[in-house]
Protein chains: 2
Amino acid sequence: MGLIGMMVGTTGFFTHEIIHYLFHLKWELADAYIQNNDFYMTWICILGIGLAMIVVSSGLVVFFCPSSSPSGLPEVIGFLNGTAVDHIFNVKTFFGTFISCVLAVASGLFCGPEGPMVHMGAIIGFGLSQFESETLGFQLPFFTRFRNSADRRNFITAGAGAGIASVFRAPVGGLLFVLEEVASFWDIRLAWQTFFCCLMAAFTTDLLSTSFNGFLNRGHFGFFKAENRILFWVKNLLDMSVIAFIPTIIIGILGGLLGALFISINIKINAFRIKIFDAIERDFIRNLSKLLEALLILTATATVSVYIPYFFPCTPAVSLEDINSDNLFHSIPSNTSSLRDISEYNCPAGITWQDNNGIRQTNRTFNQAAALLVENGKRGIMLLFQRGTHEEFGYASLFTALSFYFLFSCWTAGTAVASGLVIPMLYTGALYGRIIGLLLMTIFGVEVEESPSWIDPGLFAAIGAASFFSGVSRLTISLTVIMVEITNDVQSILVIMVAVTVAKMIGDLFNSSLYSALLKLKSFPYLDSMPCVFHGKKLINLELFSASDVMTPHVRVLYLHQNIASLADLLINTNHCAFPVVYKPDQEHVEIFLGTITRSELCMLLMNDQIFYTSSDGEPFNSRPYLKYEEITVEKLPDVAQVTRLLDQYSTDPEYQKFFINLKPYLNKSAVAVQSQFSLHRTYIIFRTLGLRHLTVVNSRNQVVGMITRKDITTWRLVDKLGFCDSDEDPLD
Amino acid sequence: MGLIGMMVGTTGFFTHEIIHYLFHLKWELADAYIQNNDFYMTWICILGIGLAMIVVSSGLVVFFCPSSSPSGLPEVIGFLNGTAVDHIFNVKTFFGTFISCVLAVASGLFCGPEGPMVHMGAIIGFGLSQFESETLGFQLPFFTRFRNSADRRNFITAGAGAGIASVFRAPVGGLLFVLEEVASFWDIRLAWQTFFCCLMAAFTTDLLSTSFNGFLNRGHFGFFKAENRILFWVKNLLDMSVIAFIPTIIIGILGGLLGALFISINIKINAFRIKIFDAIERDFIRNLSKLLEALLILTATATVSVYIPYFFPCTPAVSLEDINSDNLFHSIPSNTSSLRDISEYNCPAGITWQDNNGIRQTNRTFNQAAALLVENGKRGIMLLFQRGTHEEFGYASLFTALSFYFLFSCWTAGTAVASGLVIPMLYTGALYGRIIGLLLMTIFGVEVEESPSWIDPGLFAAIGAASFFSGVSRLTISLTVIMVEITNDVQSILVIMVAVTVAKMIGDLFNSSLYSALLKLKSFPYLDSMPCVFHGKKLINLELFSASDVMTPHVRVLYLHQNIASLADLLINTNHCAFPVVYKPDQEHVEIFLGTITRSELCMLLMNDQIFYTSSDGEPFNSRPYLKYEEITVEKLPDVAQVTRLLDQYSTDPEYQKFFINLKPYLNKSAVAVQSQFSLHRTYIIFRTLGLRHLTVVNSRNQVVGMITRKDITTWRLVDKLGFCDSDEDPLD
């Protein structure tokens, strides 16, 4: 766990630093043109660099490792819920995601690195705990005891949490995020292992940041400056009035409404995108058009970013100067370099000096729209959250930024680059939160010079950010903690909580969270912890149905003494993962259910023909050789080709008709079975709570009558199966 | 949920205010004697008032409502795990706990109000959601839909969380505390309902505090001053160095060791106490001796509190003056009253003025030991956490306070008053944390006048508090969040996390957490989420055992067509809560298992004799009258006396020998059953995860062969049953 945390922390640090470096390199190259007000050259320069980045970023995803696209978060959620997804956890995907994410964010698309960081964290958790890699083809002799699906799931969970912890420097927030959104199974032991992992991740990122800083500058290795650590530190804690809850509730409602709108538009765009791309038949052209879409989005985004700021005048940067001098985001402090800040854009250069009383004075100016649209989202959030900067941003720039950001981030999410939505969500929310704050200021007329009061646009920006994030993701606890951890403002926890709660309530009226909508769109057989099936607008009461209503009947069963040829035949002709084993005690009795055995175990058994016997051998089973449990339980068949060859041989060669195998020592005697009259609700709970993959249905005499798999009880399948039934039948009859 | 939150918040507010008022009243009465250095009169005065309080507090618990004793927290944990406990959730217990807790804390015992607040929160959650009270004998026609055990459990969970949220003003911390320690069952819907409940509780407490403040003073209703809101606000955030992690780890190790020691001593004391008291046969004398023990503890505590400070000289209160003037704890700000602070004790009165530069100067002095021992724990923690007060407390006072506090709080916990352990734990930890901080100062020689550095005893006090709390309770996540919420110091979250993690790891080497030790001491059949059975030092692998090893064989079963007389007989002669129902399809077949039916359902059925039939009636069951499911599913039998009378009549009257009842419409067809060869591990998981109360064991032909109840699979029962088995037998054989 500690190792995973450190690795994820290192990855998070590099992601952040490389994005920062590339982004600033880009704008430095364009700086000369900006200062000359040469719009076309700026545009060409920024767009050119951006396009080059996107070609690599999107090309990687499209042609090289499709599993990296777009954010990986739904895939991780789906995997932890119990769905197997190919390739999402291999080394190729890791590097693909890393490069694609870094370049996509640096290119200026309205997206953030959070979703991919969670995905990368999960990959690290997976890979490091196993010390093996299929892609690289090695398997080290460490940690073999962790090579089972339960431990692997735990490591993935912890890695995902560490991803969030590292990117936000919010260890507890990362842990809670995983608990609330990502993990489907959870116990207290896992909780504190994840806690430790997140701690190590945040610690490593901090340590690397400071040491890197120290390397380039007069910084001090291992000296954690509070100001560097906390992402969006707000310095003035505000006393709070109960009246502040009224605008908070308004912001919450707005957040719920806009969040629901965002989800609805995003899902429509994604569904449309899938439809269009699926219509293209040739792989290469389909992939090329995905790439072209990403380029198109970048072109639009870059055009807006470069063009819009020319319409805005320069504004004195009095209170922003504090932030710039603190340099929360730059590894290279600006007071030792002569670099211009991006937000100064085409404004004349200014200087900063200290007056006789030692107070900083400045005649620097900055461009509001450039600060909001050109800067990357993180820096923008920083500016918006800042307290005591009542008049830095006007309605015009805020509204402009809001509309473009909302639309473009909605369009960007789901395109063929590895990108996350968290920063855009926080940013959009911060924009309208600040608008509400400005409105309040206009109405109540608070003077800037007054002592800190609760009517502060910076506070409302934070509330807005939380509300929109909540409206889209429907997170509550983890979001509140993350907000506290990134702003270091425990005082406003109550208003944040209110905004988050209201936004979630309002949003839930319209649709479900973005992640669950994406899971549905991607047809993951995701199982909620509680079944909730609607027929039209009507909630179907699953107590009125029984297990037999959803099971797949006519299951192929195996016998305790199974004929080899028919077994091979069964394995060739079906693709089920597990088979019930039955036993007929004597002539009078029916075949009763004993347990289940999985496909891979059967294949492993068939590869060892010393355990076969002919019917003439009699039944001294105990003296016959049998395999140990460890020998047949494998994650993956060692040699698929050989198995296929063997199966073919067994099923066609008539000699194997007379061979049998005794399945008794190998079957899973603890396989859960339910009787067919079990209520469907209860069946679902058993399936989901115990994390089953398949559930045998038996009748009251313990005969196998059907099987239920994960796909059978996903919500949409249940709607199909039960929607047209007459649900008014009496359950007691 | 909102209502529960508000109620709990109100309760929390009153608890806090009344304790504060009583405590200060007591010391004001003694103030004159203290100033005259009249030790005996002070002692008599303080002890007298304290004894009076304890007589009421302990007397209430001992004679009036034993369920209130001591902290209620293990009982709530046990209840939510699925154990029914009598009387813990009624109105009498609520008031008993309230009064007992308030008086116990105010009397000066080394305890806090947290455990009882959780208990009271749970009672409110229980009572308010049901709108009925057995004790008061009413049942309102609201919320009838919440009168089922699942919803009730959720409301109790939320109420318990709100208790913590209110007492610490830490809404997220409360929620996580419940998640980590209290609740056994948990889903995401409950999480955010609890979130809302905790939010309302913290909000209500805040609102009441400010309005109360406004009533007495120039405060302002609904205006949340940051300083009033945050319990132990530390003002100077410190930049952190990586070297700070070394003393942090040392503190963590200390916390783990001392925590384990504390648990071990406390459990020994409690076990001894139970042994002694159980040896006393007469109820009245036993209760009286419980009361006397509480009085004895108070006498010792009060003597130490009053006597020790006389040995300590007066110290200038330069940096403490800031805290006093801020008045974080007093509802009545001291700068408007002429009251002396308790920590001034027998020191001469001083004054505070502002010098020419507007800086506060003071010649006040205070008594270190009085500040630590006489003040209540909350105020003490406040003083210890304070940053920049490097030289306020010396080794002598800290060591003295530490030793007395550790011993007395260990003795107090478990005595017959409603009291919590959280404040004493935080305080003990803060004491040794500050000692470590002082040591560091001595070694590295940091000057007080220097700019804030990470070597600050206040910071280490906070780390120490977290580590000791973690060493005792083994909490991680919730503790970290609570520490952040009460100190408003996000910056030091990493060191807090490290200390907490180390303390937990070290502590786990020695014993389990205090709460689980208490649950074991009280013989609650508590089920951990994972089975962990040790035989001596050896972990027993439950995979090697099967369900049949722990089940109770020879179960009494019911038949689908059940004879009334034998049913009544069965109900009289057994006290099982549920019975399996079996059915014999034809002569050749064995009796197969169909489902279960509970005792209360059977009693309800027997009260309706219109559904009885004689064997001569034939079997046109569908035309016979039957009861609706709602009619027979009751939480509690409406008239126990009548049922007993009926049962007697049925079992003795020979006429009922020929009557039968058809159980088919009433039995629970979704009752989970496992086959007897199921592995014990898997059986435990199914039992625990699904939250069962009883589990039927069947053989492969679906015949009932045994039952497993909660008591059968508790850890100690498993040790008894399996400990002497030969666990080397081959599980595959």
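The values are calculated or read from the model by the stated rules, or taken from the named source; none is laboratory data. In this text the structure is predicted, and so the values were computed from the model without any measurement. Cβ placement follows ideal geometry from the backbone for every residue including glycine, while neighbour counts extend to all protein chains displayed.
Per-residue answers, yes or no, for (1) under 26 Å from B:A673 (Cα atoms); (2) modelled with pLDDT under 70; (3) surrounded by fewer than 19 Cβ atoms within 10 Å (Cβ to Cβ):
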{"site": "A:E588", "(1), (2), (3)": "yes, yes, yes"}
{"site": "A:F593", "(1), (2), (3)": "yes, no, no"}
{"site": "A:I597", "(1), (2), (3)": "yes, no, no"}
{"site": "A:M604", "(1), (2), (3)": "no, no, no"}
{"site": "A:N608", "(1), (2), (3)": "no, no, yes"}
{"site": "A:F612", "(1), (2), (3)": "no, no, yes"}
{"site": "A:N622", "(1), (2), (3)": "no, yes, yes"}
{"site": "A:A641", "(1), (2), (3)": "no, no, yes"}
Going through the range A:656-700 one residue at a time, which ones are among the basic types (K, R), in a loop (DSSP other than H, G, I, E, B) and surrounded by fewer than 18 Cβ atoms within 10 Å (Cβ to Cβ)? A:K664, A:R693
Can you tell me which residue within the range A:471-499, out of those that are in a helix (DSSP H, G or I) and of a type in the set (G, A, S), is nearest to B:C197 (Cα to Cα)? A:A499
What pairs can you find where one residue is in the range A:644-663 and over 13 Å from A:D609 (Cβ atoms) and in contact (Cβ under 8 Å) with a residue 12 or more places away in the chain, the other is charged (D, E, K, R) and not in a loop (DSSP other than H, G, I, E, B), and their Cβ atoms are less than 9 Å apart, with a gap of 6+ or different chains? A:S651/A:D569
Of everything in the range A:166-199 that's under 16 Å from A:F79 (Cα atoms) and of a type in the set (D, E, K, R), which residue is farthest from the other protein chains (Cβ to nearest Cβ)? A:E181
Between A:I572, A:I506, which is among the β-branched types (V, I, T) and farther than 22 Å from A:I477 by Cα? A:I572
For the range A:477-491, name all the residues that are within 7 Å of chain B (Cβ to nearest Cβ) and under 23 Å from the mean Cα position of the chain (by Cα). A:I477, A:T480, A:V481, A:V484, A:E485
All but one of (1) part of a helix (DSSP H, G or I); (2) free of Cβ contacts under 8 Å to residues at least 12 places away in the same chain; (3) over 23 Å from the mean Cα position of the chain (by Cα) hold for A:V502; which doesn't? (2)
Residue under question is B:L509, and the condition is that it be on the phi < 0 side of the Ramachandran plot, in a helix (DSSP H, G or I) and either within 14 Å of another protein chain (Cβ to nearest Cβ) or β-branched (V, I, T) (or both); does it hold? no
Name the helices (runs of 4 or more DSSP H) wholly within the range A:218-336 that hold at least 1 residues that are within 14 Å of chain B (Cβ to nearest Cβ) and modelled with pLDDT of 85 or more? A:245-279
Give me the pairs, please: first residue somewhere in the range B:149-167 and surrounded by fewer than 24 Cβ atoms within 10 Å (Cβ to Cβ), second residue anywhere and modelled with pLDDT of 85 or more, beta-carbon distance under 7 Å, and either six or more positions apart or on two chains. none
Just for the range B:565-616: of the residues that are outside any helix (DSSP H, G or I) and among the small types (G, A, S), which one is farthest from the chain's Cα centre (by Cα)? B:G595
Among the residues of the range B:458-470, is any assigned to a loop (DSSP other than H, G, I, E, B) and modelled with pLDDT under 85? no
Unique match (being in contact with a helix residue (DSSP H, G or I) (Cβ under 8 Å, 6 or more places away or on another chain), in contact (Cβ under 8 Å) with a residue 60 or more places away in the chain, at positive phi and not basic (K, R)) among B:G433, B:G414, B:G420, B:G429: B:G414
Report yes if some residue within the range B:192-200 is modelled with pLDDT under 80 and either in the same structural domain as B:Y21 (by TED's automatic domain parsing) or surrounded by fewer than 22 Cβ atoms within 10 Å (Cβ to Cβ) (or both); otherwise report no. yes
Please verify whether the range B:538-554 includes one or more residues that are part of a loop (DSSP other than H, G, I, E, B), buried (at least 21 other Cβ atoms within 10 Å of the Cβ) and either in contact with a strand residue (DSSP E or B) (Cβ under 6 Å, 6 or more places away or on another chain) or at the interface with chain A (Cβ under 9 Å from one of its Cβ atoms) (or both). yes
